[in-house]
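*Asks:* Dumping the structure here so I can ask a few things about it.
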């Protein structure tokens, strides 16, 4: 005979002064880390806002220490998973661009292109740009331009700077990074940048 099911009442979380003090200290420490090392906690606006919400809830002492820390861990794991996904996307595109560049160099068939092609897999992005600077093939130039953007973003992931606007240093919107993993500006700064470029073109014309 199966045991009878029994209802378990949800525990009422009482305000504990020791929890409040400990949570307050931990929240303050996390906030300092957030300010000092934004790349660890404020990868983008979504994760950043979640963490700030968790800190605020923790300070209100409505969560037990264990529940609150569990939420902090969940947010930081989400940040790590997102960063890893973007890194893999960039690495995959980097490999495809090297293959595209090799195909473009095959069509040129010059001494320089053959020399580069022979060692293309061992050359860094900067080396490729320098060695192919005099090539006038549009396809090579387009591929190199994109390769530089991808390589710069990969370097940023290693330095902990990926996902931050180059102008205002605020987190770039997640939707923008999903559209183009190499984007360097947040939406607001990107609009300003486009407006300035448009006006400069009008002046030149």
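Read-outs throughout are calculated quantities, based only on the coordinates presented, and are distinct from any laboratory measurement. From a predicted model like this one, the values you see are computed outputs, not experimental measurements. Backbone-built Cβ (ideal geometry, glycine too); neighbour counts: all protein chains shown.
*Asks:* Could you tell me which numbered condition residue 134 fails, if it satisfies all but one of (1) farther than 29 Å from residue 183 by Cβ; (2) in a helix (DSSP H, G or I)?
*Replies:* (2)
*Asks:* Could you tell me which residue of segment 92-109 is surrounded by the most Cβ atoms within 10 Å (Cβ to Cβ), considering only residues that are without any contact (Cβ under 8 Å) to a residue 24 or more places away in the chain and more than 19 Å from residue 122 (Cβ to Cβ)?
*Replies:* 92
*Asks:* What are the residues in segment 131-151 that are closer than 26 Å to residue 189 by Cα and loosely packed, with under 15 Cβ neighbours inside 10 Å, if any?
*Replies:* Within segment 131-151, 142, 145 meet the criteria.
*Asks:* Follow-up. Given the options 174, 128, 161, name the one that is surrounded by 13 or more Cβ atoms within 10 Å (Cβ to Cβ), in contact (Cβ under 8 Å) with a residue 24 or more places away in the chain and closer than 30 Å to residue 112 by Cβ.
*Replies:* Selected residue: 128, the only one of 174, 128, 161 that is surrounded by 13 or more Cβ atoms within 10 Å (Cβ to Cβ), in contact (Cβ under 8 Å) with a residue 24 or more places away in the chain and closer than 30 Å to residue 112 by Cβ.
*Asks:* Please verify whether residue 101 is part of a helix (DSSP H, G or I), within 30 Å of residue 192 (Cβ to Cβ) and in contact with a helix residue (DSSP H, G or I) (Cβ under 9 Å, 6 or more places away or on another chain), treating the condition exactly as stated.
*Replies:* No.
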